[in-house]
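The values are calculated or read from the model by the stated rules, or taken from the named source; none is laboratory data. Just so it is clear, the structure is predicted and the values come from calculations on it, not from any experiment. Cβ placement follows ideal geometry from the backbone for every residue including glycine, while neighbour counts extend to all protein chains displayed. For the accessible areas, the whole protein counts, side chains as well, though only heavy atoms, and no ligand, DNA or RNA atoms are used. Shrake-Rupley method; radii C 1.70, N 1.55, O 1.52, S 1.80 Å.
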Amino acid sequence: LAVLVVLVLVVGASLPKAHVAARALRLPVPPKDVFLAITDVAALPSWRKDVTSVEWLPDRDGRRVYREVSGFGPIEFAIERSEQDRLHVTRIVTPDSPFGGTWTFVVTPDGTGSHIAITEHGEVHNVLFRFLSRFVFGHTATLEGYLRALAGKFGAVALPEACEPAAQPR
């Protein structure tokens, strides 16, 4: 057992801290409705079953900050950038978090509906979590779960697909 634990830690330490993952989905609703759903953070627990609560925190460095509580525990996010009905960028700002990074949401019109793409520019600091996120959960699992929940909010079937990642937020 000790050898297995050491092997997992060694492999985790050899993996890069940073990763980029992206997934997309088409929804049969207008972009404004999709954008409202992703930016109305107080309503997240009503459609994301993994989120138990959300609370707004005091602003930091001129950015709105909120705490989301889920199975991962409490995670604090800052809203880095938001452009009405088309772009929304959040960054994990939880002090001493074992993981961090940004999620960039890009919403575009698609016929009578919308196309939403989410890019995660992630960092996994803890070597055990790095191993698990790469080989057990996968870097896209949280993105896909989010998109499935978003589709469910609108009564749609989710078929998340790979897409081109958005540029790294500055």
Computing the accessible area with a 1.4 Å probe over protein heavy atoms, can you report the carbon and sulfur percentage for the chain? 59 percent
Using Cα centres only, tell me the gap between segment 134-149 and segment 29-49 in whole Å. 18 Å
For the chain, dividing by residue count, accessible area per residue (probe 1.4 Å) in Å² works out to 55 Å²
Not counting ligands, DNA or RNA, and with a 1.4 Å probe, what is Lys32's accessible surface area in Å² rounded to the nearest 10? 120 Å²
Per-selection Kirkwood Rh - segment 1-135 (Cα, Å, 1 d.p.): 16.5 Å
Using a Förster distance of 25 Å, the FRET efficiency for Asp110-Arg81 (Cβ separation, nearest 0.05): 0.70
Note: probe point = Cα of Leu15 + 7 Å toward Cβ; backbone nitrogen < 17 Å; residues of segment 132-166 passing the test are 132-144
